There are 4 protein chains.
Amino acid sequence: MIKAGIIGATGYAGGELVRLLLGHRNAEIKWFGSRSYIDRKYADVYRNMFCLVEDKCLDDNLKELAGQVDVIFTATPQGYLASVLTEDILNRVKIIDLSADYRIKDVSVYEKWYQIEHKSPQFLEEAVYGLCEINRDDIKGARLVANPGCYTTCSILTAYPLVKEGLIDTDTLVIDAKSGTSGAGRGAKTVNLFCEVNENMKAYGVTEHRHTPEIEEQLSYAAGREVLVNFTPHLVPMNRGILVTEYAKLREVQREDGTWGLPSDERIRAAYEKYYAKEAFIRILDQGVCPETKWVEGSNFVDVNFKTDARTGRVILMGALDNLVKGAAGQAVQNMNLLFGEPETEGLFFAPLFP
Amino acid sequence: MIKAGIIGATGYAGGELVRLLLGHRNAEIKWFGSRSYIDRKYADVYRNMFCLVEDKCLDDNLKELAGQVDVIFTATPQGYLASVLTEDILNRVKIIDLSADYRIKDVSVYEKWYQIEHKSPQFLEEAVYGLCEINRDDIKGARLVANPGCYTTCSILTAYPLVKEGLIDTDTLVIDAKSGTSGAGRGAKTVNLFCEVNENMKAYGVTEHRHTPEIEEQLSYAAGREVLVNFTPHLVPMNRGILVTEYAKLREVQREDGTWGLPSDERIRAAYEKYYAKEAFIRILDQGVCPETKWVEGSNFVDVNFKTDARTGRVILMGALDNLVKGAAGQAVQNMNLLFGEPETEGLFFAPLFP
Amino acid sequence: MIKAGIIGATGYAGGELVRLLLGHRNAEIKWFGSRSYIDRKYADVYRNMFCLVEDKCLDDNLKELAGQVDVIFTATPQGYLASVLTEDILNRVKIIDLSADYRIKDVSVYEKWYQIEHKSPQFLEEAVYGLCEINRDDIKGARLVANPGCYTTCSILTAYPLVKEGLIDTDTLVIDAKSGTSGAGRGAKTVNLFCEVNENMKAYGVTEHRHTPEIEEQLSYAAGREVLVNFTPHLVPMNRGILVTEYAKLREVQREDGTWGLPSDERIRAAYEKYYAKEAFIRILDQGVCPETKWVEGSNFVDVNFKTDARTGRVILMGALDNLVKGAAGQAVQNMNLLFGEPETEGLFFAPLFP
Amino acid sequence: MIKAGIIGATGYAGGELVRLLLGHRNAEIKWFGSRSYIDRKYADVYRNMFCLVEDKCLDDNLKELAGQVDVIFTATPQGYLASVLTEDILNRVKIIDLSADYRIKDVSVYEKWYQIEHKSPQFLEEAVYGLCEINRDDIKGARLVANPGCYTTCSILTAYPLVKEGLIDTDTLVIDAKSGTSGAGRGAKTVNLFCEVNENMKAYGVTEHRHTPEIEEQLSYAAGREVLVNFTPHLVPMNRGILVTEYAKLREVQREDGTWGLPSDERIRAAYEKYYAKEAFIRILDQGVCPETKWVEGSNFVDVNFKTDARTGRVILMGALDNLVKGAAGQAVQNMNLLFGEPETEGLFFAPLFP
């Protein structure tokens, strides 16, 4: 039985971790960390857990926790983990960090976009970016997994096969993303009140959202060259779900008959299948079917598809996931499964909730 | 492995049955019946099931199906099952009927409220009303289970202990119920369009909703006398969830010291605990906590609580459940577990989804 | 031109006052008071007002304001107006108070339900309860108008004709109310975040909501005897709208032929028409039509109707209004029109927004 | 008093026309045409109009109607107006067509995208594209106004000044649009049911939405060269509102000092102001403020703004409007005002509804 501790158990991502780990046959939660609710019953904070969780919330003592559990999930504000992580802790426990502290290899990029100093850049190199479908083998042996962001998971997985195969001109790549409001967290802010979000839609963080460099770094690895994108997130009046719509010019490729031209739909689909056909959690939709966030709600699936436009020479890529599951807690559990030799789908392979 | 067939698999309740049975360790679906989508892939109708269900939809041949499976769920319009059910079928297969055909013992009451002729009243007597917490023992040996309605499950379970113990004057009982829109089904009707339901709230079926006689019959059994209530359903702009608020005058009871007076909060709570303390799916909330539909979403839980008002001598009872789970498919699976000797919670004991 | 000042212009009710007064032909806003946003442009706080309001927010100096305007609207927390009101101010300016400070004549009742000391009870007697349709004549000459609460306006207007005419037994009256979330105000509270309210429904303030004594006082006047009710508010995932569903036993009345019996539907309808037929803002719906909040959204209308149940001897009353308009700012403007001899519908008679 | 007739008065756009015309001081509706509801009271179809509209719905006899009114609004399915329009009708009455029949000059483009034959292409040349801010002078003298589509109005107005001034490379222009569900109309379709739209988001009509050629034609006029775009609409769980996010590479321009480079923010803002500074209904937001659909809800405003990204050399343009007002009925009334010499803002200049 894997013993797990959660630091930041009372945020939305932390709450989802609890939900998923309760359904995991070989894991148990030993520590519900929450600085805001110390000594309060966890089920008083999340009443869906009434009768399911009897524990009280504890403080966020990473050092003490490291001696009690096998894995620690940190669903904490940026900078927290970097400020407390030590070699000693890493020697005693696996860490899956849901914050951004170890996602970006270049510390100056991190500090520029997050506007905070990184307190332990010495662990950046060894940290493995926990996008399971791309970095599976590296994750298995890691001590420290940087669990990807919600937007980034969706943005990268939607574009990855085409970038990797050189089918699109990454200089033309534009990512227009839409997210449910749980992505904004449980903090009490006026802008996230029901009456402000309901019946409303807006872009935010235009040109400066922090998931931009994370997307760029990973797509650069895939492309083998530097990729810069415009990434624009939007807030949508729904609780869960991220939808990304990506636009790029197709690149000419050599066809079987030796001629050059834009890749056919079959070729693009083959690229997706090359990388994802065996993936349990990535569903390449049938031709012509556009992903909808509702079809993945509550699950760890990512649905992807594309449409080409001969008129403009562009391909439109689409991807959908549940920001709290594959975009956060689900992927974290998937990483835990990889770290501990569990079947990768354990605790995660259930049907989405509809309607 | 219990082999199950579903007639009406493409309605919302049918879809939820599929979701739940996919997660049941000892059941498998052999027949996805849907008159509207014959020969279409089930996962084309409910794309959340893409990669999870490969079957096509079949017609609704109850007789043929009876030879292939152990249990049939009928999530069909009123009158369907009554029109095709035979003794021969009942001898070969268990039936759990999610329609109202066998819920009401008095055929004249059924025909009055549903405005259709009942085609096989001869099975009414043996049919067991599948409210698991109340009729558990009878269900176990049944051939035909009448799965309760969504509003009725919530309304009855919320009031049952107080009615049974004689703590309230049932002549004063008023039930004000609020439901998410999935209760209205997946039929394409203008009144259920997004723009008509969103940002809107209304009562409907006032004084004449068909769940009224079902509630009255069951509460009459509990009271040992005829109970008539006003039951008023309301449509709420949310997908899932039923909340009931019930009002009744408290009856004077004899206290431990021999005097008579209105029952104390402790006494009322004791009544709930007497009947529900051991129930896996009924949660008696802590004092002062009002049930919220979101805390049970996606789960088989019913949350109940109450508040007394010394000023008026009334008690206000509150209950919440997910209309598609405990209010339909979840309770149906719970009934299946009882019928086949499975642990009652198998396939059903998971945490609600929040947010 | 009526010069108006608003104290509390940046709450939701204050914002709605601004919207309505901008459309009033004979009023202009001279003071946008907001303690939280002093010196900030009003249109930065409510961007719907961009290019429509150029003013900055000012402090809430009632005394200074009294010298500059003809009428002051106080859309402020409970206790504010009572703590600053003076005879001198009342001599110089009309005041329409959207808080509860002067709604309840009995100061002990106010202090019990609101849990604060009333600082100027000497003005309670002269304050006129600004329910225009009931107290029209008294309002016209008032210096201080206590603008009714949102729930109370809806609850009272829905029941008033039947209480006044003695058609229902007020001892059996139960009021089940449902409100959109703007009624909870613009304060940044976790419970009002989008993700907590959306896809959720709950009761709150059961047996102890502060609008209870206000409803009871006004219905007591109508009944000519003390009325106690159970009033239960519920939070609904929509921005605007209140729906009330009221239950009461009908009282036997003498019919035209001299016999006694429960009142007919015609008689009940006649009661509504007796009091409301000439009212511009109260719409008695056609028989069988249930009020829906969406049909009054953005407008000053109240829609009412009823349904009798011969089985139980009860009548179910239903009413709907927009909590920010007829439930707050609209009624306040209606009161202003009465105070200043304007046509009562000026600035208020426009069609609801649908969808 | 302008006498107006509406063909298609019971769709959402038709309903909004009724709402707006009721508030117009110099117009009255003489004909509520609705093939689906002939002889039914209009207020039974839209109960928000109860007590405001007493008329019954009439058939859609354009010829007869032409003799009774000054202007006809056709809020009808594609192809209707083209199939009944005659020279005689145009001689007797002004027509404002809310369908797409006369929006596209090239009949082959229309027939390709709409997949129907155009029955009266002879009127295409004289029809004026009713985008008031761009074609104001031409509209004034027109007999036939082609009222622009909702997406197109928002997409074009957001990009127009930059295209006109040559500040962006139109070959790189991508338009990602998001719309509330009222844009899908009031037809009873499963995909538009509350439970299918709520808590969901999806793209649709990718690469083939019919507003694409309309946007391209108008932007081509502005650019002075052919413009092809990718336009991707998305369905959002809200009733009203369109938000567009547009992406394009900036073009190098000559600066005041003679050097060449990407245009500064000031230069881009100046372009917006050049065309829109005097427009009553276009609001250029303050720097850094992103448009939100809620800030324009119920009003005729279009809010626009932009953000440049030096890293990628792109500009992100954003625009928001209410699809039923400026995107349909409001613009139609604005066109009516132009046709009849009314102040352009008459009946349209009121504050948006918030929240």
Paramagnetic reach from A:Phe340 in the stretch A:1-17 [backbone N under 15 Å; point 7 Å along Cα→Cβ]: A:1-7, A:17
Just check the protein assembly as shown against the gyration tensor rule for me: Cα atoms, a ≥ b ≥ c as the square roots of the eigenvalues, rounded for a/c under 1.5, and otherwise prolate or oblate depending on whether a/b exceeds b/c. rounded
Neighbour counts of other C-beta atoms within 10 Å: give me C:Cys57, A:Cys195 arranged from fewest to most. C:Cys57, A:Cys195
How about the stretch C:1-103: which trypsin sites (Lys or Arg not before Pro) there are in a DSSP loop, with at most 12 other Cβ atoms within 10 Å of their Cβ? C:Arg25
What is the list of residues in the stretch A:307-332 whose amide nitrogen lies under 20 Å from a point 7 angstrom out from the Cα of A:Val289, following Cα to Cβ? A:307-308, A:316-323, A:326
Given R₀ = 56 Å, what would the calculated FRET efficiency be for B:Asp59 paired with A:Ser120, taking r from the Cβ atoms and rounding to 0.05? 0.30
Considering only DSSP beta bridges whose two residues both sit in the stretch C:156-238, what percent are antiparallel, to the nearest 5? 25
With D:Asp171 itself left out, Lys, Arg at +1 and Asp, Glu at -1 over residues whose Cβ is under 15 Å from its Cβ give -1
Shape of the stretch A:1-105, Cα gyration tensor, a/c cut at 1.5: prolate
Cα axis of helix B:265-276 to longest principal axis of chain B: angle in degrees, 0 to 90, nearest 10? 30
In chain B, which residue puts its Cβ closest to the axis that turns chain B onto chain C, and how many whole Å away is it? B:Asp176, 2
About the Cα centre of the stretch B:1-149, how large is the charge dipole given +1 on each Lys and Arg Cβ and -1 on each Asp and Glu Cβ? Please answer in debye to the nearest 20. 380
Here FRET efficiency (C-beta to C-beta, D:Lys30 to C:Phe349, R₀ 22 Å, nearest 0.05) is 0.60
Per-pair calculated FRET efficiency, R0 = 35 Å: D:Glu208 and A:Glu226 via Cβ, rounded to 0.05: 0.55
Charged-residue dipole, Cβ positions (Lys, Arg, Asp, Glu), the protein assembly as shown about Cα centre, Debye nearest 20: 0
Chain D - mean residue ellipticity at 222 nm from DSSP helices (-39,500 (n - 2.57) per run, n ≥ 4, rounded to 500): -8000 deg cm²/dmol
Need the full-extension length gain, A:Arg267 to A:Asn91, defined as separation in residues times 0.36 nm minus the C-alpha distance. One decimal, nm. 58.8 nm
Looking at the square roots a ≥ b ≥ c of the eigenvalues of the Cα gyration tensor of the stretch B:185-341, which shape do they give, rounded for a/c under 1.5, prolate if a/b is larger than b/c, or oblate? prolate
Need one number: % antiparallel among DSSP beta bridges in chain B, to the nearest 5. 50
Summed over the other residues with a beta carbon less than 12 angstrom from that of D:Val296, with K and R at +1 and D and E at -1, the charge totals +1
Placing +1 on the Cβ of each Lys and Arg and -1 on the Cβ of each Asp and Glu in the stretch C:126-184, which of C:Val174, C:Thr152, C:Ala127 has its Cα farthest towards the positive end of the resulting dipole? C:Ala127
In degrees, nearest 10, the alpha-carbon axis of helix A:150-164 is tilted away from the dominant principal axis of the alpha carbons of chain A by 30
Antiparallel versus total DSSP beta bridges in the stretch B:1-148: what percent is that, nearest 5? 5
Checked against the positive end of the charge dipole of the stretch C:193-327 (+1 on Cβ of Lys and Arg, -1 on Cβ of Asp and Glu, about the Cα centre), the farthest of C:Ala248, C:Ala203, C:Phe281 is C:Ala248
Output, in nm with one decimal and in ascending order, the distances from the D:Asp106 label point to the matching label points of the other copies (7 Å from Cα along Cα-to-Cβ). 4.4, 7.4, 8.0
Let's see if you can work this out: charge +1 on each Lys and Arg Cβ, -1 on each Asp and Glu Cβ, no other charges. What is the dipole magnitude of the stretch C:75-152 about its Cα centre, in debye to the nearest 20? 180
Could you tally the net charge around A:Gly261, taking each other residue with its Cβ under 12 Å from the Cβ of A:Gly261, Lys/Arg +1 and Asp/Glu -1? 0
Given label points at 7 Å from Cα along Cα→Cβ, what nm distances, shortest first, separate A:Gln122 from the same residue in every other copy? 7.4, 8.5, 8.8
Sorted from shortest, what are the nm distances separating the label point of D:Glu279 from equivalent points in the other copies, each placed 7 Å from Cα along Cα to C-beta? 4.2, 4.4, 6.1
Using a simple spin-label model with points 7 Å from Cα along the Cα→Cβ vector, what separation in nm is obtained for C:Lys112 and A:Arg136? 7.0
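The numbers here are math on the coordinates, done by the rules we state, and not lab data. Small disclaimer: the values here were computed from a predicted structure and weren't measured. Cβ coordinates were reconstructed from backbone atoms using ideal geometry, including for glycine residues, and neighbour counts include every protein chain displayed.
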